[in-house]
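Below: one structure, written as structure tokens.
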Amino acid sequence: MRHFQLVILTLTLAGISLGRGATNDLFARGLAATRAGEFADAAAAFQQFNQRQPAAGTLVNLGIAEWQRGHAGTAILAWEQAQWIDPFDELAVQNLRFARTVAQVDEPKLRWYEAASTLLPPNTWVWIAGVSLWLAVGALMLPGVFRWKKSGWLPTLAALGCAVFLFSLTANIGVVGRTEIGIVLKKNAPILLTPTREGEIISTLNAGEPARRLRTCGDYYFIGSANGSGWIDSSEFGLINPD
């Protein structure tokens, strides 16, 4: 627990420097509420700020406030969303590792191309795919168009561009696959046999447990997890990338 408290202190101090440059006072209000121990107010402020200006630092602090409120699922979701924006945010990584140990839940199970997509922010893969494609096309076509003298490095450059394009394309497919991954928000969330309020409860899932949305029916998601599959109320399941 001491380790986690140290991470919280570090994040709060980091957030102060970010808040100085923000034109909106919601972030500063959230930090002040966190220092005062008013975590419900802090969570509300960080949530509002994030809706206006999404940022990994805001989500990390939102996770801290939610964890202090005893909302493990919502905290883990916030830190996962922080990593979605910035995979290099070490503080989000540390908090996720600690929270999953305490809550006794696993990391999301990723396919190999989904795991590859976590190496960089999602939008970066789009840019890499576009640049590498044009690089490969240019290396192949421009010498003929401008009647340049053939050079051995142009085919090599084209091959490199094609290789990078294919890998980035695979990573972009992984990003799309990860949009269906979410986190159970509430403790002992019921998993139903049918997507109705009267549906039979077939199992329950812990707050913070990862699952994959397989389909949607009204206000319910059919999810698959390591501990079972079934329908869950969408209010009890938060997607890591809700967009």
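Structure above, values below:
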{"item": "Signed unit charges on C-beta, dipole axis of region 181-239, positive-most listed residue 181, 238, 192", "result": "181"}
{"item": "Cα centre as origin, Lys/Arg/Asp/Glu Cβ charges: the chain dipole, Debye", "result": "800 debye"}
{"item": "Structure-derived Cα extents along the principal axes in Å - corresponding label in (i) 82, 36, 27; (ii) 52, 40, 36; (iii) 69, 49, 31", "result": "(iii)"}
{"item": "Per-residue Cβ neighbour rank within 10 angstrom, fewest leading, 167, 49", "result": "167, 49"}
{"item": "Amide H contacts under 5 Å for residue 189, placed H, 5+ residues apart", "result": "205, 207"}
{"item": "Expected 222 nm ellipticity per residue - DSSP helices of 4 or more, -39500 (n - 2.57), all of the chain, to 500", "result": "-19000 deg cm²/dmol"}
{"item": "Sparse-neighbour loop sites [GluC sites (Glu not before Pro); region 145-243; at most 13 other C-beta within 10 Å; DSSP]", "result": "198, 200"}
{"item": "Lys/Arg +1, Asp/Glu -1 at C-beta; the chain dipole; positive extreme among 122, 32, 43", "result": "122"}
{"item": "Region 43-122 and region 151-192: distance between their alpha carbon centers, rounded to Å", "result": "19 Å"}
{"item": "Span-rule helices in the chain, defined as complete DSSP H runs reaching 24 Å or more along the axis (Cα) with Kyte mean at least 1.0", "result": "122-146, 153-178"}
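A short reminder: the numbers here are calculations on the coordinates, not readings from a lab. All of these numbers come straight from a predicted model, not from anything done at the bench. Glycine gets a Cβ as well: all are built from the backbone with ideal geometry, and neighbour counts include every protein chain shown.
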